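The values are calculated or read from the model by the stated rules, or taken from the named source; none is laboratory data. Bear in mind the structure is a predicted one, so any value in this text is a computation, not a measurement. Cβ coordinates were reconstructed from backbone atoms using ideal geometry, including for glycine residues, and neighbour counts include every protein chain displayed. Each accessible area value is taken on the protein alone, full model and side chains, heavy atoms only, with ligands, DNA and RNA left out. Shrake-Rupley method; radii C 1.70, N 1.55, O 1.52, S 1.80 Å.
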Amino acid sequence: AQSVTQLDSHVSVSEGTPVLLRCNYSSSYSPSLFWYVQHPNKGLQLLLKYTSAATLVKGINGFEAEFKKSETSFHLTKPSAHMSDAAEYFCVVSYYGGSQGNLIFGKGTKLSVKP
Amino acid sequence: GAVVSQHPSWVICKSGTSVKIECRSLDFQATTMFWYRQFPKQSLMLMATSNEGSKATYEQGVEKDKFLINHASLTLSTLTVTSAHPEDSSFYICSARHALVPTDTQYFGPGTRLTVL
C-alpha cells in the first residue's frame, strides 16, 4: 500500500537560511513522487516531480528534492529561504503510478519564514 | 501551460440550496478530473474521480447523491452540492490530468470556498 508521511507539521526558518522539509513514503511500486505548494486560500502548484529518472530533481523557485530509495525519503530543500516561500507544502505519492495514478497526500508542512 | 480554473472562487449560500462549482482546463484537454475537499489546516481529501463521458467514481464515504459530478466535455467538469448544509462548508479543489500525455501529474485549480449559512 502507498502512503506518505511528512515528518514536521511546521517548520520555521529565517530569511536567507536553508529550508528542509522532510517526507518519507511507502510504496509497493516504483513510485512517482511530487511536492506541491499551497499559498493561503489558493490551489496547489506543482513544485517538482520524481519519476525514476534522475534521483535529484530540480523544481521551480530554487527548490529541489532528492529521492533516496534506501531511506524511502524524498526531502525538499532550498539553499536560501525567501519571504515568499511561506506557505503549506504537500508531499504526494502516486497511488498506482503511471497514467492510472491517483494521488495520496501527506498532511502538509507549514513553512514560516522570519525576516 | 496546464492551467486549471474554477468558478466561482467563493460562494455563500443558504442551507438547503444547491451550489454548482465549475472546473475548466484552459489550455489542455483532460479526460480525467478530480474533486477534493480541504478542511481548515488539513490536507486534501479526494472525493471523486471524474472521467469524461462516464459516471464519476466516488471515494468511500462520499455521498454521490449529494455531490453530483458531471464531466460532459474534455475541458469541463462540474460539482453540484445539493441541499447544502453548514457541514458542507469547505474549500473545494479540482484537478485535471492531461488527456494526451500519459502521466499521473495533476494540475490543480485555485479552489472554491463554500460557506453554507
Calculate the spin-label point distance for A:S26 paired with B:H85, positioning each point 7 Å from the Cα along the beta-carbon direction, and give it in nanometres.
3.4 nm
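Per residue, how large is the accessible surface of segment A:1-100? Use a 1.4 angstrom probe and give square angstrom. Could you put the intermediate results ahead of the total?
Working: 4910 Å² over 100 residues.
I get 49 Å² per residue for this part.
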Considering only DSSP beta bridges with both partners in chain A, what is the antiparallel share in %, to the nearest 5?
85 percent
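Largest first, what is the accessible-area ranking of A:K58, A:K49 with a 1.4 Å probe? Please report the intermediate quantities before stating the final value.
Details: A:K58 145, A:K49 55 Å².
Of A:K58, A:K49, the descending order of accessible area is A:K58, A:K49.
On average, how much area does the Cα convex hull of chain A cover when viewed from any direction, in nm²? Display every interim value, and only then the final one.
On the way: hull surface 27.1 nm².
Here the figure is 6.8 nm², rounded to one decimal.
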Count charges around A:N102 for me, please; just the other residues with Cβ under 12 Å from its Cβ, Lys/Arg as +1, Asp/Glu as -1.
-1
Counting only protein heavy atoms with a 1.4 Å probe and every protein chain in place, the carbon and sulfur fraction of the accessible surface of chain B in whole percent equals 54 percent
Working out 0.36 nm times the residue gap between B:N51 and B:K14, then minus their Cα-Cα distance, what length gain in nm do you get to one decimal?
10.3 nm
Given a 1.4 Å probe and no ligands, DNA or RNA in the count, how much accessible surface is buried by A and B, both sides, to the nearest 100 Å²?
1500 Å²
Could you check the spin-label model distance between B:V3 and B:E63? Points 7 Å from the Cα along Cα→Cβ, value in nm.
3.7 nm
Rounded percent of accessible protein surface that carbon and sulfur make up, chain A, 1.4 Å probe:
51 percent
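Taking loop as defined by DSSP and a crowding limit of 16 other beta carbons within 10 Å, which GluC sites (Glu not before Pro) in segment A:1-106 fit? Can you show the working numbers first?
Values: sites: A:E15, A:E64, A:E66, A:E71, A:E88; in loops: A:E15, A:E71.
Passing sites in segment A:1-106 are A:E15, A:E71.
Quantify how much of the Cα-Cα distance distribution of segment B:23-117 extends past 18 Å, in percent. Working shown, then result.
Working: 1883 of 4465 pairs.
Tail of the P(r) past 18 Å holds 42 percent of the pairs.
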Magnitude of the charge dipole, the protein assembly as shown, Cβ model with Lys/Arg +1 and Asp/Glu -1, debye to 20
140 debye
How would B:I93, B:I12, A:I104, A:I60 line up by accessible area, probe 1.4 Å, largest first?
B:I12, A:I60, A:I104, B:I93
Set the Förster radius R0 to 25 Å, insert the Cβ-Cβ distance between B:F39 and A:A54 as r into 1/(1 + (r/R0)^6), and round the FRET efficiency to 0.05.
0.10
